[in-house]
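**Student:** Sharing a structure with you now.
Read-outs throughout are calculated quantities, based only on the coordinates presented, and are distinct from any laboratory measurement. Keep in mind that what you see is a predicted model, and the values were worked out from it rather than measured. All Cβ positions, glycine included, derive from the backbone under ideal geometry; neighbour counts span all protein chains shown.
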Amino acid sequence: MSRKALILILVLVLVSPLFGVIGSEIVGYHEPLDVAAELIGLSESEPVWQGVLPDYTVPGLPDVIGYVIAGFVGVGILLLPAILRGKELGERS
Amino acid sequence: MHIPDGFLDPITSLSLYVITLIVVIYSAKRYFSGDKGDISYLSVIAAAIFAAQMLNWPIPGGTSAHLVAGALAAMLIGPFGGCLAMFMNLVVQCLLMGDGGITALGANAFNMAIVDVFVGYAIYKLVLKALGKQRRMIAAFLGGWIGIGLAATVCGLEIGLSPLFGYPVAITVPVMASWHLALGVIEGIVTAFVVGYLAKRSPNLLWG
């Protein structure tokens, strides 16, 4: 289970730009709630916090590469409790 | 379904932060006090959900959909574990990527880590009890589908009731509910196939 789960996560992150970046550009994707905000004039209210890697990008890097790096950073942080615990990932007690 | 900053008024925002934190703390107590509470497994599920949510399925017309997977998480690690995994995921998405406003984090977690998880799981268990384990995939489909539809309905209620948002509940609720119930069919199908696959191959990975 553990190795299979980690491989699945790896594959998901690696293929994610096909959906989240390239596919989004093809259809001209915008977050629906952001479109709603623009329609009613809320667009001028800046986000209180933009994030360290805003919108899954790494400043200065192409979007596809930034998306993958952002994915690995997010996954790495979420796996941190398991890594710190030093147990085999995904092993059930 | 991630609400950005500027949509919710301070009272709604703060109230949902408080409610969410109470439920998350209670969930942590329940999950880790149980026999199957396991931080490593919880981490892997949270990371897998994070990775799965990065796959936006583009839909012609300028929109997209992605899995939320709150109900699915509950089917794998129980409702309390599912709540924690979704909450961890939403905190990372918000703080790291700015996905969902920081002032709306309580509301977003209420919708996706509480409503989707607990309602989706309750429907799954009810249908499982009514139809039997042979119909597990139908139960998982209904849990995944209705869970996301209801989470979106609550999201519509929150932004519709907020005086900062320009549209009333009569518009926001039908729009959010109908849109996510339509797209939520995909969520239900993915949930059903993952649960169906695990029931055959590794039933010990399913909760309860």
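**Student:** Ratio of alpha-carbon Rg to the 2.2 N^0.38 Å globular estimate for the range B:162-204, to two decimals, please.
**Tutor:** 1.87
**Student:** To the nearest 20 Debye, how big is the dipole of the range A:2-85 about its Cα centre, given +1 on the beta carbon of each Lys and Arg and -1 on that of each Asp and Glu?
**Tutor:** Dipole about the Cα centre, nearest 20: 800 debye.
**Student:** Moving on to the next point. Give the whole-number value, in cubic angstrom per residue, of the convex hull volume spanned by the C-alpha atoms of the range B:69-149. Before the final figure, lay out each step's value.
**Tutor:** Details: hull volume 5.8 nm³, N = 81.
Measuring per residue, one finds 71 Å³ for the Cα hull of the range B:69-149.
**Student:** Moving on. Run the helix sum for the protein assembly as shown: -39,500 (n - 2.57) per DSSP H stretch of 4+ residues, divided by residue count, reported at 222 nm to the nearest 500 deg cm²/dmol.
**Tutor:** -21500 deg cm²/dmol
**Student:** Continuing with the same structure: Enter the angle in degrees (range 0 to 90, nearest 10) between the Cα long axis of helix B:136-161 and the first principal axis of the Cα atoms of chain B, meaning the one along which they spread out most.
**Tutor:** The answer is roughly 10 degrees.
**Student:** Oh, and also: Given a Förster distance of 30 angstrom, what is the FRET efficiency for B:ASP9 paired with B:SER33, based on the Cβ-Cβ distance and rounded to 0.05?
**Tutor:** 0.25
**Student:** For the range B:10-205, what relative contact order do you get, as a whole percent, if you take Cα pairs closer than 8 Å and at least 6 residues apart?
**Tutor:** 20 percent
**Student:** Could you list B:TYR17, B:TYR26 in order of exposure, starting from the residue whose Cβ has the fewest other Cβ atoms within 10 Å?
**Tutor:** Values: B:TYR17 17, B:TYR26 12.
So the ranking, lowest neighbour count to highest, is B:TYR26, B:TYR17.
**Student:** For chain B, take the alpha-carbon Rg, divide it by the Kirkwood Rh, and send me Rg/Rh.
**Tutor:** 0.96
**Student:** Give me a single rounded figure for A:48-58: the average over its residues of other chain Cβ atoms within 10 Å of their Cβ.
**Tutor:** Whole-number average of other-chain Cβ neighbours for A:48-58 is 5.
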